[in-house]
Amino acid sequence: MIDRVARRRLAQGIRHLANGRITNDEFEDQYGHAAATSTDPGVRGVFWQGAWLLYSDFTTTRYAGAHRLPRDTRRHIARWIVFLRSPLPYEWPLQSWWRNLLWLPAHLLTLGFSARLRARKWRRSGEYSVWPFRRWHDYRAALRLPSDLRGRQP
């Protein structure tokens, strides 16, 4: 199920976080809970496997000035936002937190080898270079849609 409101809200929050308008703590407070518990797998996927990995919970960071995100990271973030603004469903496998917790002993016993194998299998389930899109042609089609990234509203 695609939740247009939740997608638009998360896209806005990610933009504000990435351009330094808000700190990571403000992002968590304003957008985190709703994104983490959304009924839209795309919102949960982009939050947990994208935005949440941008920052540490132990420090407060504003991505501006000397702390500005690298260009490559900003490009990834722009792709996440294009996905959230698109009408496409999220097609990547989602792992629940409890399933990841169950794998923890195996990861520890294998010194992370099992984690690398699981990550490799996940990356092979689509064209990882355009995540959260699953296929290049979906990404290209979404780029042709009107977007707030180019100053136009759909």
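Please go through the stretch 36-53 and give me each residue that is among the aliphatic types (A, V, I, L, M) and open to solvent by 10 Å² or more (accessible area, probe 1.4 Å), ordered by number. So that I can check it myself, show each step before the final result.
First pass over the stretch 36-53, keeping only residues among the aliphatic types (A, V, I, L, M): 36, 43, 46, 51, 53.
Hits for the stretch 36-53 are Ala36, Leu53.
Kindly indicate whether Ala18 is over 22 Å from Asp138 (Cβ atoms), surrounded by fewer than 17 Cβ atoms within 10 Å (Cβ to Cβ), of a type in the set (A, V, I, L, M, F, W, C) and touching a Phe, Trp or Tyr at 6+ places or on another chain (Cβ under 8 Å).
Values: over 22 Å from Asp138 (Cβ atoms): yes; surrounded by fewer than 17 Cβ atoms within 10 Å (Cβ to Cβ): no; of a type in the set (A, V, I, L, M, F, W, C): yes; touching a Phe, Trp or Tyr at 6+ places or on another chain (Cβ under 8 Å): yes.
So Ala18 fails the test.
Anything in the stretch 21-35 that is surrounded by fewer than 16 Cβ atoms within 10 Å (Cβ to Cβ) and over 26 Å from Gly65 (Cβ atoms)? List them, or say none.
Once the filter is applied, which keeps residues that are surrounded by fewer than 16 Cβ atoms within 10 Å (Cβ to Cβ) and over 26 Å from Gly65 (Cβ atoms), the stretch 21-35 yields only His33.
Looking only at residues that are surrounded by 13 or more Cβ atoms within 10 Å (Cβ to Cβ) and without any contact (Cβ under 8 Å) to a residue 12 or more places away in the chain in the stretch 112-126, which one is farthest from Arg85 (Cα to Cα)? Don't jump to the end; show me each part of the working.
Within the stretch 112-126, the first condition is being surrounded by 13 or more Cβ atoms within 10 Å (Cβ to Cβ), and the residues that meet it are 114-115, 117-118, 122-123, 126.
The next check asks that each one be without any contact (Cβ under 8 Å) to a residue 12 or more places away in the chain; those that pass are 114, 117, 123.
Working: Ser114: 34, Leu117: 32, Arg123: 23 Å.
It comes out as Ser114.
The values are calculated or read from the model by the stated rules, or taken from the named source; none is laboratory data. Remember, predicted model here, so these are calculated numbers, not experimental data. Ideal geometry is used to build each Cβ from the backbone, glycine not excepted, and the neighbour counts take in all protein chains shown. We work out accessible area using only protein heavy atoms, side chains counted, and drop any ligands, DNA or RNA first. Shrake-Rupley method; radii C 1.70, N 1.55, O 1.52, S 1.80 Å.
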